[in-house]
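Shown next, in structure tokens, is the structure this report addresses.
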Amino acid sequence: MEEEEKKGRELTNEEQKEMKYGFDLEEMTKTAGWGIVLDWLEQRAFHTWADPRETDNEKSWMWRELNAFHSADVSKQIIEDINKAINRAHYLKGVELGEIKEHQRMRI
């Protein structure tokens with residue numbers, strides 16, 4: 001009876017690709033190089049701003065500040081997207097194995 005309850009379902013081709021993608025990203029995060037890239041992204045995401053002393057007028061400073069904001073925002077989004085893809089891969093694996101009921105909330 002317990003065996004039957006744990007029975008998962010076969011994933012669609014798209015879900016299989018999504019799961020592989022997430023596990024590939026997870027494997028990447030275990031490398032020394034990823035630690036360096038993550039540090040760069042976090043530095044850019046949380047410590048980026050335009051120094052008003054480096055510009056000669058407000059318009060120039062505002063343009064630099066806007067670009068710094070977008071750079072920081074993109075860096076945060078890359079980190080979030082990688083984490084979401086990894087979590088989605090674990091969720092799909094759980095569905096496939098029957099460890100997670102279909103439509104159960106995944107951890108984000």
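Laboratory data are not the source of any read-out in this text; all were calculated from the coordinates shown. Nothing here was measured: the structure is a model prediction, and the numbers come from that model.
Here are a few things to note about the model shown:
- Entries of K20/K76; K7/K30; K17/K76; K30/K101; K7/K93; K76/K101 with Cα pairs more than 19 Å apart: K20/K76; K7/K30; K17/K76; K30/K101; K76/K101
- The chain: translational diffusion in µm²/s, Stokes-Einstein, Kirkwood Rh over Cα pairs, 4 °C, 1.567 mPa s: 78 µm²/s
- Once the Cα-Cα distance is subtracted from the 0.36 nm per residue extended length, the F46 to K76 segment shows a gain of 10.0 nm.
- For E10 and T31, the difference between the fully extended length at 0.36 nm per residue and the C-alpha to C-alpha distance is 4.5 nm.
- Helices of the chain meeting both criteria, an alpha-carbon length of 24 angstrom or more along the long axis and an average Kyte-Doolittle score not below -1.0, with helices taken as full DSSP H segments, are 58-97.
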